[in-house]
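Novice: Let me begin by handing over the structure; questions about it come next.
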Amino acid sequence: MKGPAAYTISLGRLRRGSTLGSLCTGRTKPAISSIAQGGTSVLSTSAANALKHFQVNTLGPLTLVQATADLLKASKTGAPKFVVISTIISSISSQEIFSYFPKTSSPYGASKTSLNWFIRLLSFEEPWLTSILFRPSVVETDLTVDSGKDLKALDAISVENMVETTFAFEHKEITGTFRNHDGAIIPW
């Protein structure tokens, strides 16, 4: 099984089992859910493609925080963080700038904007949890290092730098905010 349905089933199994609990005993454990596929203009975006993006980019992380809430509350650090990878394209304030670029991101950007809304509201509803939206820019991974692109010119950061940035702030400063990889606040 592939796609959002498989993702949700996997979360259900992990929630009932002990596998996720054993994964969450350390400081940080990544879980990635993202799709950027078949982007086009707003008028050309199909409902099916938009739905696929919302299932993965919005509902995937939403389901994850719901499934792991008890584990986060039981964090050994006493300061659990739910860090969500977002994108500058999800910034509604930045849409004018992006209107000058090729029309390839409408379902992706819309689904990430919806995700931002949920995570921002989560920060108010669950004050014990530091919830942050993070824009990493380009991250140096096996996929990007082997791409042949000049990662320094693209302002690429390491995974370690991304983690360090998210843990450099205190709860009150960072919860419910949308941050760039250098810690700067991104406008909604």
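Just so you know, all these numbers are worked out from the coordinates, no wet-lab data involved. This one's a predicted model, so the numbers in the text were calculated from it and none came from an experiment. Note that we place each Cβ from the backbone using ideal geometry, even for glycine, and neighbour counts take in every protein chain shown.
Novice: What distance in nm separates the simple spin-label points at LYS103 and SER34, each placed 7 Å from Cα in the Cβ direction?
Specialist: Spacing of the two 7 Å Cα→Cβ label points: 2.5 nm.
Novice: Give me the extension gain from ASN161 to SER46: residue separation times 0.36 nm, minus the current Cα-Cα distance, reported in nm with one decimal.
Specialist: 37.7 nm
Novice: What is the distance, in nm, between label points placed 7 Å from the Cα along the Cα-to-Cβ direction at LYS73 and at ILE88?
Specialist: If labels sit at LYS73 and ILE88, their model points lie 3.9 nm apart.
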